[in-house]
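So the structure is just underneath, and the comments pick up after that.
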Amino acid sequence: MPYSVSPIGFLRSCFKEKFAIPRQPQLAPAARGVLELLAPFDTGEAVQGLEQVSHVWLLFVFHQALEDKPRLKVRPPRLGGNQSVGVFSTRATHRPNGLGQSVVKLDKVEAGKLWLSGIDLLDGTPVLDIKPYVPYADSVAGAYNRIAESAPALIEVRWQDEALSQARRHGLRLGEPLVELIEQCLAQDPRPAYQVPRPERRYGAGFWDLDVRWHYPQPGIICVLEVIAAS
């Protein structure tokens, strides 16, 4: 018989667009957000006991990547974006039922709200369930994944002086570690791996209520050009 699911809440995230979101959770510890729970889960009863937990699993919907026709093979960024593998061997956003899961740090618990960091979810993401991370069960000794054996290599992030000043000012206004957030996300090089960036080409992404723009002055280096209010 058919099943139906409904969100228990929606995430208010620092990421306003898909580009530059880390490809796995925990890669950008400064990436923060608030999970706002819906009734009847917006009372203290549903989250009682979570104050004893450091991390939680979020089960969610890739709401901007839903497709009518399921994909059997995908091209994961980890393999350069030009090599196809079976969808079930990846964590690509193009899922048969649009479902995702992430382990995130639980910073604070309130009735109706969970304050999170190390997130990799887009603003407005519908969350279907929350489960506590259990270290002795969820961390498997000897586990391996030969497609993704280690975290991606980081590239150097530099700043133009004015851009760094802008980021610091906006970080104080937001009460967020904005410089760290930008550096942690851009160091993972969000551009498609098959794309060779020209120095004159400008890239951009939305963080909180800001547009961050950068370029690649030379291979293996990102330079942040400006951090301005989103248009």
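FYI, it's all coordinate maths here, none of it is from the lab. Computed from a prediction, not measured in an experiment: that's the story for all the values here. Positions of Cβ are generated from backbone atoms using ideal geometry, with glycine treated the same way; all protein chains shown enter the neighbour counts.
How high is the relative contact order of the stretch 156-229? Use alpha-carbon pairs under 8 Å, at least six apart in sequence, and give a whole percent.
Answer for the stretch 156-229 is 39 percent.
Excluding same-chain residues fewer than 8 positions from LYS18, which aspartates and glutamates have a Cα within less than 17 Å of its Cα?
By straight Cα distance, LYS18 reaches GLU67, ASP120, ASP123, GLU183, ASP189, ASP209, ASP211.
Given PRO96, PRO29, LEU122, which one lies farthest toward the positive end of the charge dipole of the stretch 16-162, if we put +1 on the Cβ of every Lys and Arg and -1 on the Cβ of every Asp and Glu?
With unit charges placed on the Cβ atoms, the residue in question is PRO96.
Please check: in the Gaussian network model of the chain (C-alpha springs, under 10 Å), which one of ALA151, ALA143, ALA46 has the largest mean-square fluctuation.
Answer for the Gaussian network model of the chain: ALA143.
Name the GluC sites (Glu not before Pro) in the stretch 1-106 that are in a loop by DSSP and that have at most 13 other C-beta atoms within 10 Å, would you?
Passing both the DSSP loop test and the Cβ count: GLU67.
For every helix of n ≥ 4 consecutive DSSP H residues, a contribution of -39,500 (n - 2.57) applies; sum these over the chain, divide by its total residues, and give [θ] at 222 nm rounded to the nearest 500 deg cm²/dmol.
-3500 deg cm²/dmol
With contacts defined as alpha carbon pairs under 8 Å and 6 or more residues apart, what's the relative contact order of the chain in percent?
Across the chain, relative contact order equals 27 percent.
Of the candidates PRO22, PRO177, PRO70, which one comes out as most mobile in a Gaussian network treatment of the chain with C-alpha springs shorter than 10 Å?
Highest fluctuation of the listed residues: PRO70.
How would the stretch 78-188 be classified by its alpha-carbon gyration tensor: rounded, prolate or oblate, with rounded meaning a/c under 1.5 and the a/b versus b/c comparison settling the rest?
Details: a/c = 1.92, a/b = 1.27, b/c = 1.51.
It comes out oblate by the Cα gyration axes.
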